[in-house]
Amino acid sequence: MSTQTKKSPDNTHKLNRRAICLRAPLALIILLTVFLAPQRSASTQALSQNPAAQDTPTQTEMINGHKAVAGQVIVRFNDADGPQLETFVKNAIEMVNASGNRNIAPDLNMYHISSNSMNTQALLNMMSKLPGVMYAVPNYIVETQLTPNDTRFGEMWGLNNTGQVVGGQTGIAGADISAVQAWDVSTGSNSIVVGVIDTGVDYNHPDLAANIWSAPSSFTVTVGGQTITCPAGSHGFNAVANTCNPLDDNNHGSHVSGTIGARGNNSSGVAGVNWTTSIMGLKFLSASGSGNTADAIECIQFAIQAKQIFGSAANVRIPPPATTTATTTPPLSSRPTTTRRTCCRSRRPTTATRNPPSPTSAPRPWTSERPGPPSSRLCAMEASPSSAEPRWPPRTSQARRRWCSPDVR
């Protein structure tokens, strides 16, 4: 037998009242949604037209080793009256087909200009040539700490050691080269060319390709008595095969190149000490990892000639050759009478005695009383206190060892 519960009129009345109370707020919410939707769409559209208003830029570029917002520059115009300044700004906006601009510092005539059709480097090149422009710089991205997002950066304890475990060994926090702190100052520059004299370089490697030097045009060098013409786009020199193709066939040079300048903050692989650079491959070691000094010298000569041809486009830092002056020890007969022989203390002076120091003077050097040729006593010259010549060797025994002439050892 089933039992049904009948609703009383009072209960039905209460339920209807509650339904009415719920319908009123629901209707209000619907009205607010319909009213605010167009305004929110308009504000979102305005935000998309002004990339600077976004918290996190979606596209970035590396400019001289620093991350910058893609397609945006900050331009300062020369001091000018209102109409002339307006002409400068209008001309700049039209020339780069600017998608947005705003005056961020009216007292400095400084504008933030963006373009959807040009990248940052192209904008910089264009803006710097326009009339009325004082300078143009990228819209650099500033972060609290510059740490790359390369997938294997955590393994690079030599650059940033936090005590992490690498290869089963726990590191020591701080035992690194403080690369993260250095990157706050600079992450490198593609205007600096680094010549890697090794087994060559894998210029096709995804973590190296963007940082490989390329010849801007065809050029000819003379290396080892041979004239070699390298095509435009070549990446260095191969002294083993006497060609302009330094492709690595051993991987050691590529490993070294990665330490120097693997592309940093590209969400892939490792990061080099320089995130941005230009690596010139100079191969003198064969596939087996062996080579000779003559081929290494030829690689250096190639780099020197490439810099002489291209200038800043092959900006390898080559120090000037060291200048040396030949020195000889004068014979005893030609030594001035104001000097005396003193022996360097690099061997135990069997018969040498030290003169006792005076209470008011510095200790005197070792002197020898044993007869014999100067070479047996490692003698040097010391000017007397009355001489105008400088005293040498110095008073300390360690300094005297360094002053010993090589030809009497």
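Bear in mind these aren't lab numbers, they're just calculated from the coordinates by the rules spelled out. Bear in mind the structure is a predicted one, so any value in this text is a computation, not a measurement. For neighbour counting, all protein chains shown are included, and Cβ atoms are generated from backbone atoms with ideal geometry for every residue, glycine included.
So the values come out like this:
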read-out: Hydrodynamic radius by Kirkwood, which averages 1/r over all alpha carbon pairs of the range 152-244, in angstrom; value: 16.6 Å
read-out: ASP202 long-range amide H proximity, modeled H, under 5 Å; value: ASP248, SER254
read-out: Amide hydrogen neighbours beyond the local backbone of ALA70, cut-off 5 Å, H modeled; value: GLN59, THR60, GLU61
read-out: Viscosity 1.002 mPa s, 20 °C: Kirkwood-radius Stokes-Einstein D of the range 60-140 over Cα pairs, µm²/s; value: 172 µm²/s
read-out: Stokes-Einstein D for the range 83-225, Kirkwood Rh over Cα pairs, 20 °C, 1.002 mPa s (µm²/s); value: 107 µm²/s
read-out: Interchain or long-range residues, amide H under 5 Å from VAL223's placed H; value: ILE228
read-out: Sequence ranges 161-169, 175-183, ranked by mean other-Cβ count within 10 angstrom, highest first; value: 175-183, 161-169
read-out: For the range 173-314, average projected area of the Cα convex hull in nm²; value: 9.2 nm²
read-out: Point-to-point label distance, ALA105-SER178, nm (Cα→Cβ direction, 7 Å offset); value: 3.0 nm
read-out: Ranked by how many other beta carbons lie within 10 Å on average, peptides 225-238, 190-203 from highest; value: 190-203, 225-238
